[in-house]
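Colleague: Mind having a look at this structure? Questions to follow.
The values are calculated or read from the model by the stated rules, or taken from the named source; none is laboratory data. Since we're looking at a predicted model, the values are computed, not measured. Cβ placement follows ideal geometry from the backbone for every residue including glycine, while neighbour counts extend to all protein chains displayed.
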Amino acid sequence: MEIMLCGKPHQAESEKTAYDILKEAGLMTREVIAAEIDGAPVALTETLTEGASLSPLTFADEAGKRVFWHTASHIMAQAVKRLYPAVKLTIGPAVEEGFYYDFDSDTPFTQEALEKIEGEMKKIVKENLRVERFTLPREEAISRMEEKGEPYKVLLIGRIPEGEEISFYRQGEFVDLCAGPHLFSTGAVKAFKLTQCTGAYWEGKSENKMLQRIYGVAFPSKEELNAHLSMLEEARKRDHNKLGRELELFTTVDLVGQGLPILLPKGARILQVLQRFVEDEEQKRGWLLTKTPYMAKSDIYKLSGHWDHYLDGMFVLGDPQKDKEVFALRPMTCPFQYQAYLAKGRSYRDLPLRYNETSTLFRNEASGEMHGLIRLRQFTISEGHLMCTPEQLESEFAACLDLTTFMLKTLGLYEDVSYRFSQWDPNDRAKYIGTPEQWDEAQSMMKKILDELKIPYKIGIGEAAFYGPKLDIQIRNVFGKEDTLITIQIDQMLAEKFGMEYVDRDGVKKHPYIIHRTSIGCYERTLALLIEKYAGAFPLWLAPVQVKLLPIGDEQSAYAHAYADRLEAEGMRVEVDDRNEKIGYKIREAQLNKIPYMLIIGAKEEESGTVSVRSRKDGDIGAMTLDAFLEKAAEEIRTKSR
């Protein structure tokens, strides 16, 4: 039979496995851990058919990592069942930064328990157990899991559509319901570490039982594991959850609720600086500021489609079954800004019309999804909606992307982002509004724009908004977890739903195209990423306290406060540390608080009318007049130097 091997035609005997074909072709090296057939990852034992496309996968490939980590999760589950037979299995996927498995255990897993599980995992790896796939008919599969006392597996089998294979994987005495694929044997997982155990609700819903989730990482060698653990140690030092609290930027309180952080004065000041910067820049680029309500009647969400497609993510005020009027907190601003468009009749001469807003939004995130300032239930976003003609769409989309690029470069995050072209999933029609033809048209337009702008994107099937495709600008936190920072979306459907029209040159009424966009995304998420990027040592223009004046003795305190007044009059954020402490102690504390500049004032400086300037970056840079320092600092702030 003829197949495609690494993109080239290749003759192979029928019924050959991926392993056999790769070995015969001299491609079966020690690094190969799985294969890809027709774009899907498979085990090396998978048999090929005529015309199939085959390529090897190593741990360096994302798909290869997931196969490796998925097998590691099964090794962990096998170890847990050996040590704690009464524990019930749920799910154990590979994720972006390793793997986890959720267990129904009445007793939390302590650090000592994790060490015992690691020890048992080492035995399983040493046993080098063959990992074998097999299938069972539905009734037999359910009966087998019932006999093993695995109620979650019985539930999952019941959700598998009729006609689909029900597959299991066996390694030694351990059998798990799983779609796979997996490594050939447990012996390939040479190095691993269980990193933490947390609580996680079954299916992420707070009304369900709390499970025990054990996270881990695994690698083909100890050297790779050690390098990863070193990276994690560095990441913990930069973790915004840790630094943000140490630097008194934000706090969280159980009494208030999860996903509802309290911004402390320093953190609130940074967000204020960012907001002013964003709104001023948007105004320069022709955006018109709006201010819309935080809530609305359910009617507007029903019209937009959010009530049908996003209700689980909304906070509803009232009972839809009993109350005459039901309100909901807004999860996004688009339906509100459309009302500004509809306030009067529009002509093609009014377009493009750009509305921006610093929007406080509310989304009912699952408790297991929330993390520090990254994912919240209440947050603020640099939101905007742009109405334009079809002819203006490409240039306006490019202008939106130029705005986001400017923001990212100014903040120092540009080098850290990647791009995802998020498309609809035609096999999940209930998730989206519109016809296949409308989706094809919108996605074709976006593809043309992205290709002409030479944006290096990946495609995300099923990641589109329910009303249109989008460009997601992705970024990873210090632990490697990827989130969306900024989105730019094309929408050709909601204008028609809301009756938004303009009179074109030919006198005919038409529906405008809409671009939904953010400029720096969610302010809180951006702050979290900036904390981690700069390890809390913000550039001067962003620092909540830019200058700290340090009088050496009580005699210089009045002098220091007079200088602080002068600096504040010039718009700088200043503190005076006039405590009765040694100057060395004051300097060390200012450095720990990541203050960009310290101005030290002793008798000599008072006499000469100068300050001794100490920079966070450059150390002691000598004496200068306050005017000279102000000129230096003003230039650094003006250029937003990093």
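Colleague: Closer than 26 Å to PHE538 by Cβ, at pLDDT below 95 and not β-branched (Val, Ile, Thr): does that describe GLY313?
Modeller: Considered against the rule, which asks whether it is closer than 26 Å to PHE538 by Cβ, at pLDDT below 95 and not β-branched (Val, Ile, Thr), GLY313 comes out as no.
Colleague: Related question: So in the stretch 452-502, with the set limited to residues that are in a strand (DSSP E or B) and charged (D, E, K, R), which one is surrounded by the fewest Cβ atoms within 10 Å (Cβ to Cβ)?
Modeller: LYS458
Colleague: Right, something else. If you scan the stretch 248-272, which residues turn out to be more than 23 Å from the chain's Cα centre (by Cα) and either surrounded by 17 or more Cβ atoms within 10 Å (Cβ to Cβ) or of a type in the set (Asp, Glu) (or both)?
Modeller: Selection gives GLU248, ASP254, LYS266, ARG269.
Colleague: I'd like to know if the stretch 590-611 contains one or more residues that are surrounded by fewer than 18 Cβ atoms within 10 Å (Cβ to Cβ) and under 36 Å from the mean Cα position of the chain (by Cα).
Modeller: yes
Colleague: Sticking with this one: Out of LYS284, LYS302, which single residue is assigned by TED's automatic domain parsing to the domain that holds GLU463, out of contact with any helix residue (DSSP H, G or I) (no Cβ under 7 Å at 6 or more places or on another chain) and exposed (fewer than 12 other Cβ atoms within 10 Å of the Cβ)?
Modeller: Exactly one of LYS284, LYS302 is assigned by TED's automatic domain parsing to the domain that holds GLU463, out of contact with any helix residue (DSSP H, G or I) (no Cβ under 7 Å at 6 or more places or on another chain) and exposed (fewer than 12 other Cβ atoms within 10 Å of the Cβ), namely LYS284.
For (1) assigned to a loop (DSSP other than H, G, I, E, B); (2) polar (S, T, N, Q); (3) without any contact (Cβ under 8 Å) to a residue 40 or more places away in the chain, each residue gets a yes or a no:
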| site | (1), (2), (3) |
| --- | --- |
| PHE192 | no, no, no |
| HIS228 | no, no, yes |
| MET231 | no, no, yes |
| ALA235 | no, no, no |
| LEU255 | yes, no, yes |
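Colleague: Among the residues of the stretch 269-287, are any assigned to a loop (DSSP other than H, G, I, E, B), in contact with a Ser or Thr (Cβ under 8 Å, 6 or more places away or on another chain) and in contact (Cβ under 8 Å) with a residue 60 or more places away in the chain?
Modeller: There is no residue in the stretch 269-287 that is assigned to a loop (DSSP other than H, G, I, E, B), in contact with a Ser or Thr (Cβ under 8 Å, 6 or more places away or on another chain) and in contact (Cβ under 8 Å) with a residue 60 or more places away in the chain.
Colleague: For the stretch 532-554, state whether one or more residues are surrounded by fewer than 18 Cβ atoms within 10 Å (Cβ to Cβ), of a type in the set (A, V, I, L, M) and in contact with a helix residue (DSSP H, G or I) (Cβ under 7 Å, 6 or more places away or on another chain).
Modeller: yes
Colleague: Can you find, within the stretch 18-28, the residue that is surrounded by the most Cβ atoms within 10 Å (Cβ to Cβ) among those that are free of Cβ contacts under 8 Å to residues at least 12 places away in the same chain and farther than 12 Å from THR47 by Cα?
Modeller: The residue in question is LYS23.
Colleague: Can you find, within the stretch 459-509, the residue that is nearest to GLU437 (Cα to Cα) among those that are charged (D, E, K, R) and without any contact (Cβ under 8 Å) to a residue 12 or more places away in the chain?
Modeller: The residue in question is LYS509.
Colleague: Right, here's the next one. I'm checking my understanding of the structure. Among residues of the stretch 612-636 that are assigned to a helix (DSSP H, G or I) and touching a Pro at 6+ places or on another chain (Cβ under 9 Å), which one is surrounded by the fewest Cβ atoms within 10 Å (Cβ to Cβ)?
Modeller: Step one: of the stretch 612-636, the residues assigned to a helix (DSSP H, G or I) are 626-636.
Okay, now just the ones that are also touching a Pro at 6+ places or on another chain (Cβ under 9 Å), so 633, 636.
Details: ALA633: 20, GLU636: 17.
Residue satisfying both the conditions and the ranking: GLU636.
Colleague: Still on this model: Of the residues ARG82, ARG138, ARG144, ARG133, which is in contact with a Gly (Cβ under 7 Å, 6 or more places away or on another chain) and among the basic types (Lys, Arg)? Give the steps one after another, and end with the answer.
Modeller: On the way: ARG82 fails: in contact with a Gly (Cβ under 7 Å, 6 or more places away or on another chain); ARG138 fails: in contact with a Gly (Cβ under 7 Å, 6 or more places away or on another chain); ARG144 fails: in contact with a Gly (Cβ under 7 Å, 6 or more places away or on another chain).
Unique residue meeting the criteria: ARG133.
So that you can scan it fast, the table gives a plain yes or no per residue for (1) assigned to a strand (DSSP E or B); (2) on the phi > 0 side of the Ramachandran plot:
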| site | (1), (2) |
| --- | --- |
| VAL175 | yes, no |
| GLY180 | no, yes |
| CYS197 | yes, no |
| GLU203 | no, yes |
| GLU207 | no, no |
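Colleague: Okay, next question. How many of the residues in the stretch 37-53 are touching a helix residue (DSSP H, G or I) at 6+ places or on another chain (Cβ under 6 Å) and of a type in the set (A, V, I, L, M)?
Modeller: Our first condition is that a residue be touching a helix residue (DSSP H, G or I) at 6+ places or on another chain (Cβ under 6 Å); within the stretch 37-53, this holds for 41, 44, 46.
Restricting the remaining residues to those that are of a type in the set (A, V, I, L, M) gives 44.
Of the residues in that region, 1 qualify.
Colleague: State whether one or more residues within the stretch 78-89 are assigned to a loop (DSSP other than H, G, I, E, B), touching an Asp or Glu at 6+ places or on another chain (Cβ under 7 Å) and in contact (Cβ under 8 Å) with a residue 12 or more places away in the chain.
Modeller: yes
Colleague: Would you be able to tell me the number of residues in the stretch 29-48 that are among the aliphatic types (A, V, I, L, M), in contact (Cβ under 8 Å) with a residue 24 or more places away in the chain, out of contact with any Gly (no Cβ under 9 Å at 6 or more places or on another chain) and closer than 21 Å to ARG66 by Cα?
Modeller: Residues in the stretch 29-48 being among the aliphatic types (A, V, I, L, M), in contact (Cβ under 8 Å) with a residue 24 or more places away in the chain, out of contact with any Gly (no Cβ under 9 Å at 6 or more places or on another chain) and closer than 21 Å to ARG66 by Cα: 1 in total.
Colleague: Tell me, which residue of the stretch 578-594 that is part of a helix (DSSP H, G or I) and among the basic types (Lys, Arg) is nearest to TYR534 (Cα to Cα)?
Modeller: Of everything passing the filter in the stretch 578-594, ARG588 is nearest to TYR534 (Cα to Cα).
Colleague: Also, quick follow-up: In the stretch 369-392, what residues are farther than 30 Å from ARG236 by Cα and touching a residue at least 40 places away in the same chain (Cβ under 8 Å)?
Modeller: Within the stretch 369-392, the subset farther than 30 Å from ARG236 by Cα is 383-392.
Listed by number, the residues that qualify are GLU383, GLY384, HIS385, LEU386, MET387, CYS388, THR389, PRO390, GLN392.
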